[in-house]
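Okay, so here's the structure we're looking at.
No value in this document is a laboratory result; all are computed from the given coordinates. It should be emphasised that the depicted structure is a prediction, and the values quoted were computed from it without experimental measurement. Quick reminder, even Gly has a Cβ in these numbers, built from the backbone with ideal geometry, and neighbours come from all protein chains shown.
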Amino acid sequence: MIKRIAAVVIAALLSAACLTGCGTGKQPAAEKLRVCEVTHSVFYAPQYVAMALGFFEQQGLEIELTCGEGADKVMAAVLSGGADIGFAGPEAAVYVYRQGKQDYAQVFAQVTKRDGSFLIARQPAEDFSWQQLRGQTVLPGRKGGVPYMTLEYVLRQNGLDPAQDVVLDNSIQFSLMTAAFVNGTGAYVTAFEPTASTLVRNGQGYIVASVGAAAGEIPYTAYFAPKSFLEQHADAVLRFTKAIRQGEQWVQQHSAAEIAQAIAPSFADTDLSLLTAALQSYKDIDAWCSEPVMQQQAFDRLQTVMQQAGELEQPVPFDQVVNNTFALQAAG
């Protein structure tokens with residue numbers, strides 16, 4: 001009888017232990033990854049979808065998100081150990097590789113595949129031509145930044161010399177460009193969403209062209225980390241990439257209104273209808289990747305843009321700066 005009771009007690013204890021460890025009780029602590037994004041923008045909707053819908057949690061990850069306010073600052077945080085993963089333009093990884101650093105950063109997952117800025121004019125132009133910028137002043141952002149370089153690339157593709165045919169006024173800080181335009185400076189300004197739609201809604205400007213649509217596919221925003229981190233935390237990086245891919249797939253399969261509802265908590269100060277309009281603008285130009293794999297042809301175009309702008313002397317090897325291992329595994 002005593003043996004039978006002991007056996008029942010042991011079985012009960014084993015059952016309780018199994019319930020605790022098998023998911024009905026306390027779950028293992030999620031692994032934290034510190035991600036530094038270049039700016040907080042609806043342009044990065046797949047990331048916020050992945051956060052809002054629990055795709056990272058499903059992969060056993062906790063994301064600590066900070067804002068670097070500039071690709072150079074994001075890269076500095078990554079290389080100094082202040083962040084595990086950087087989210088910015090891949091050009092930052094190109095620059096670091098060119099510096100000859102041994103533990104340089106590699107790009108491992110892409111999110112946006114076009115420039116996200118729109119050209120805003122003071123008057124509507126149904127039959128807009130880039131030739132209309134000849135002799136005009138444009139507020140293009142920071143010289144050397146990818147938005148500035150991509151605009152230059154588009155101008156060249158349309159037979160305009162950025163140094164001779166158009167006045168690119170880069171004397172105004174990026175954050176102040178819209179206010180300067182509204183107050184009368186320049187004939188055109190480039191703006192990301194939702195700023196572009198806000199100007200239209202307020203009757204202060206008109207979207208006449210998409211820089212991204214005119215430039216073609218360019219790996220505009222992607223995740224990167226030092227080679228050592230990718231090697232030492234390969235499993236976590238793979239799970240991170242899987243969650244991002246889920247976000248990309250979800251964005252592809254849902255409407256702008258549905259995406260707006262999902263990411264609204266990340267943009268509490270933005271009106272839902274304005275958020276929807278901004279997301280629709282990006283859907284219209286096919287701004288987001290459906291897979292996190294970076295294509296060499298697009299990467300080569302980015303380097304062409306950088307070389308034409310005088311920011312890159314020689315192109316860097318694709319297979320050194322880009323590590324598609326995780327993205328390919330995530331894509332299955």
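For segment 169-230, take the convex hull of the Cα atoms, compute a quarter of its surface area, and give me that in nm², please. Walk me through the intermediate numbers first.
On the way: hull surface 25.6 nm².
For segment 169-230, the mean projected area of the Cα convex hull comes to 6.4 nm².
If you take every residue apart from L275 with its C-beta less than 11 Å away from the C-beta of L275, what net charge results, scoring Lys and Arg +1 and Asp and Glu -1?
-3
So, counting K/R as plus one and D/E as minus one, what does the shell of residues with Cβ under 12 Å around E291 add up to?
Taking every other residue near E291 into account, the sum is +2.
Would you mind ranking D300, D284 by Cβ crowding within 10 Å, fewest neighbours first? Could the numbers behind the result be given before it?
On the way: D300 14, D284 11.
Listing D300, D284 from fewest to most nearby Cβ atoms yields D284, D300.
Is it possible to state the helix-based mean residue ellipticity at 222 nm for the chain, with each DSSP H run of 4+ residues giving -39500 (n - 2.57), the sum divided by total residues, to the nearest 500 deg cm²/dmol? What is it?
-13000 deg cm²/dmol
How do T221, T185 line up, fewest other C-beta atoms within 10 Å first?
Result, fewest neighbours first: T185, T221.
Over segment 118-215, calculate the relative contact order: mean separation of alpha carbon pairs under 8 Å at least 6 apart, over the residue count, as a percent.
It rounds to 49 percent for segment 118-215.
With loop defined by DSSP as not H, G, I, E or B, and exposure as at most 12 other Cβ atoms within 10 Å, which is the longest segment of the chain clear of exposed trypsin sites (Lys or Arg not before Pro)?
With trypsin sites (Lys or Arg not before Pro) excluded where exposed in loops, the chain gives 102-332 as its longest stretch.
Ignoring GluC sites (Glu not before Pro) that are buried or in helix or strand per DSSP, and keeping those with at most 10 other beta carbon atoms within 10 Å, what is the longest stretch of the chain between them?
127-312
On a straight-distance basis, which lysines could pair with K32 in a cross-link, Cα separation under 22 angstrom, same-chain partners fewer than 8 positions away excluded?
Within the straight-line limit of under 22 Å, K32 reaches these lysines: K73, K227, K242.
With the cut-off at 26 Å, report for segment 129-274 the share of all Cα pairs above it, as a whole percent.
Summing the P(r) tail past 26 Å for segment 129-274 gives 42 percent.
Tally Lys/Arg at +1 and Asp/Glu at -1 over every other residue whose Cβ is under 10 Å from the Cβ of A214; what's the total?
Once all neighbours under 10 Å are counted, the net charge is 0.
Rounded to the nearest 20 Debye, what is the dipole magnitude of the chain about its Cα centre when Lys and Arg each give +1 and Asp and Glu each give -1 at the C-beta? Can you show the working numbers first?
Working: 22 positive and 32 negative charges, 188 e Å.
Rounded to the nearest 20 debye, it is 900 debye.
Magnitude of the Cβ-charge dipole of segment 118-215, K/R +1 and D/E -1, about the Cα centre, nearest 20 debye? Could you put the intermediate results ahead of the total?
Details: 6 positive and 7 negative charges, 40 e Å.
With only Lys, Arg, Asp and Glu charged at Cβ, the dipole is about 200 debye.
Can you list, bin by bin at 20 Å, the percent of alpha carbon pairs in the chain, starting at 0?
30, 52, 13, 4, 1, 0
Span-like helices, the chain: DSSP H, alpha-carbon axial extent 24 Å or more, mean Kyte-Doolittle -0.5 or greater, which ones?
Helices passing the filter in the chain: 2-21.
How would you rank C67, C289, going from fewest to most other Cβ atoms within 10 Å of each one's own Cβ?
Lowest to highest Cβ neighbour count: C67, C289.
Mind jotting down the distance between the C-alpha centroids of segment 300-318 and segment 42-72, whole Å?
Here the answer is 29 Å between Cα centres.
In units of 2.2 N^0.38 Å, what is the alpha-carbon radius of gyration of segment 73-161?
It is 1.42.
I'd like to know how segment 118-215 sits against the 2.2 N^0.38 Å rule of thumb: what's its Cα Rg over that expected value?
Its radius of gyration relative to the 2.2 N^0.38 Å reference: 0.96.
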